1. Can you name every residue in the range 201-227 that is away from the ligand (no atom under 15 Å from the Cβ) and touching a helix residue (DSSP H, G or I) at 6+ places or on another chain (Cβ under 7 Å)?
2. Select from the range 85-100 the residues that are touching a helix residue (DSSP H, G or I) at 6+ places or on another chain (Cβ under 8 Å) and closer than 14 Å to residue 40 by Cα and list them in ascending order.
3. Out of curiosity, is residue 104 closer than 25 Å to residue 218 by Cβ and either within 16 Å of the ligand (Cβ to nearest atom) or crowded, with 18+ Cβ neighbours inside 10 Å (or both)?
Ligand code: PGA
């Protein structure tokens, strides 16, 4: 099954509005020239409005980095899926930094994924084991649990919306921001032996083969092609290297093959 390559830049808590405008103006010409890849930028909330205006009329998608699951309410400091859907088509859900520092669990991830799909957003659902879990030989258990619980109760929605309605990002926590990525073969093995089989269990074989599964964790312009050479890896969720225009464009070019 053909899966269109997908590369998203997770800007994390970097870039003011002015800085975001500048980076987007540097990115647009280079990214627009690459048709074969679905490209997404995920700036901080405060830059989304400006980013949406700058990306209008381009084929570059916009995503948020998080959201609440309730549509509205007395939740000081939170942003609702309705608000995100006004500006974005995508939203990152369950990033390991959210799980580690902000108490997100498989249950909150599941609520958020359900809410995102209900608003027509494409969630980029992050899973991955910590260093301790990896060293204790728990990678398969942890990743399978995160996929199974994070995506539970969705079979009806996905049957209707199709395999393109969400994206999974495998991001081993020990590889994020460390400059020490997983090997491409190691990441592909987790996708092939753990993530796709659980997707097949949840949604059936056909859908599991159609879902884009990304790798994330210290992807840069030098190593990106190695990951994309793996048939199981359909793209990347890029942190640090997505803040540099030339480097991010090179990564998207590598995904185009
Ligand atoms: P990194 O971050 O590319 O800086 O390792 C990836 C991510 O957190 O999504």
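Just so it is clear, none of the values below were taken in a lab; they were calculated from the coordinates. Quick caveat: nothing in here was measured; it's all calculated off a predicted structure. Quick reminder, even Gly has a Cβ in these numbers, built from the backbone with ideal geometry, and neighbours come from all protein chains shown.
1. 202, 203, 207, 208, 210, 211, 225 - these are the residues of the range 201-227 that are away from the ligand (no atom under 15 Å from the Cβ) and touching a helix residue (DSSP H, G or I) at 6+ places or on another chain (Cβ under 7 Å).
2. The answer is 87, 88, 91.
3. yes
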